[in-house]
Amino acid sequence: MTEASKETMIAVIGGSGIYDIDGLEDAKWQAVESPFGTPSDEILTGRLGGVKMAFLPRHGRGHVHTPTSVPYRANIDALKRLGVTDVISVSATGSFREDMAPGDFVIVDQFIDRTFAREKSFFGPGLVAHVSVAHPTCPRLSDACLTAATDAGITVHKGGTYLAMEGPQFSTLAESKMYRESWGADVIGMTNMPEAKLAREAELCYASVAMVTDYDSWHPEHGEVDVTEIIDTLTGNSEKARNLVRGLPALLGAKRADCEHGCDKALEFAIMTAPDKRDPAMIAKLDAVAGRVLAG
Ligand SMILES: CSC[C@H]1O[C@H](OP(=O)(O)O)[C@H](O)[C@@H]1O
Ligand SMILES: Nc1ncnc2[nH]cnc12
């Protein structure tokens, strides 16, 4: 165990229905540019309980980005550039389980990635890297979310598999049944991939808090999903998400040690391209994401 010598900065990526967080001291929205493009919106920074915080609305204020058009690489790069160490995603999801009911929260620990129309890596020709995403979320950060949710009186489930679909349409009945009965998914959403993969490439700890808003389309007693139902559930539960976030600074502390699960060392043995074959333009572009292993 290393000593807690590094400053913690917690970022919350707010999903559908969550476009700001309150209670930050010295709060200001700031524009952060990235070599990977413009993030979804400006980033709200400040302090909560003495801990540095950042908040980024995934779809932008006013919900302007579709799940496909969210600039995932720019978002993660911009957070890394700001000094963020820990990323918590809060997302709306459909449920494949009777016992994960609308209004419940799920601390996701696995993903099935069915997205296909998104940039999924910071790396590429001229600088090739392969990180492990066998365990795509950080257990330390996920445990903090679980504790914060429990302390806030939320019905929360520890662990769950999130199926990431491309969207923007919801699933067909046949897909919904297949994901539930054959694939063993617990919840479904459209945004946590490639976000979680990119956070791992950027050596950021990542946790995913899924807010269940509906039963997708499989449930015989609940018809098709519709956005009105989702928004109603989200509106009724956004205060729960805010309470969860308020509990995080005390649990995570203003200083942190190296991640005991190695999230912050994910690139240690990941880069395949020989030093003399690396593209200088890629090295420059990856200054924030991979500067730790590329510098020098
Ligand atoms: C508003 S319903 C569908 C929409 O909501 C979820 O977004 P997020 O994950 O950002 O909360 C879902 O993934 C879809 O993008
Ligand atoms: N049923 C569902 N499918 C995909 N994304 C969702 N977000 C909220 N509910 C969803």
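The values are calculated or read from the model by the stated rules, or taken from the named source; none is laboratory data. Nothing here was measured: the structure is a model prediction, and the numbers come from that model. Glycine also receives a Cβ, built like all others from the backbone with ideal geometry; neighbour counts cover every protein chain displayed. These area figures cover heavy atoms from the full protein model, side chains too; ligands, DNA and RNA do not enter into them. Shrake-Rupley method; radii C 1.70, N 1.55, O 1.52, S 1.80 Å.
Some notes on this structure:
- Yes/no for ARG114 being in contact with a helix residue (DSSP H, G or I) (Cβ under 6 Å, 6 or more places away or on another chain) and within 13 Å of ligand 1 (Cβ to nearest atom): no
- Under the condition of being closer than 20 Å to ASP99 by Cα and of a type in the set (Lys, Arg), the residues counted in the stretch 127-163 number 1.
- Criterion applied to THR68, THR93 was being out of contact with any helix residue (DSSP H, G or I) (no Cβ under 7 Å at 6 or more places or on another chain), among the polar types (S, T, N, Q) and surrounded by 23 or more Cβ atoms within 10 Å (Cβ to Cβ), and the one residue passing it is THR93.
- Among (1) free of Cβ contacts under 8 Å to residues at least 40 places away in the same chain; (2) part of a strand (DSSP E or B), the one test that SER91 misses: (1)
Let's see how each residue does on (1) within 13 Å of ligand 1 (Cβ to nearest atom); (2) open to solvent by less than 20 Å² (accessible area, probe 1.4 Å):
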residue: ALA4; (1), (2): no, no
residue: ALA11; (1), (2): no, yes
residue: SER16; (1), (2): yes, no
residue: GLU33; (1), (2): no, no
residue: GLY37; (1), (2): no, no
residue: THR45; (1), (2): no, yes
residue: ARG58; (1), (2): yes, yes
residue: ARG73; (1), (2): no, no
residue: GLY83; (1), (2): no, no
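- Count of the stretch 253-284 residues which are out of contact with any strand residue (DSSP E or B) (no Cβ under 6 Å at 6 or more places or on another chain), surrounded by 19 or more Cβ atoms within 10 Å (Cβ to Cβ) and part of a helix (DSSP H, G or I): 1
- Of the helices (runs of 4 or more DSSP H) lying entirely inside the stretch 127-236, the ones with 1 or more residues being away from ligand 2 (no atom under 16 Å from the Cβ) and hydroxyl-bearing (Ser, Thr, Tyr) are found at 139-151.
- Restricting attention to the stretch 106-128, the residues being open to solvent by 40 Å² or more (accessible area, probe 1.4 Å), within 30 Å of THR213 (Cβ to Cβ) and not hydrophobic (A, V, I, L, M, F, W, C) number 6.
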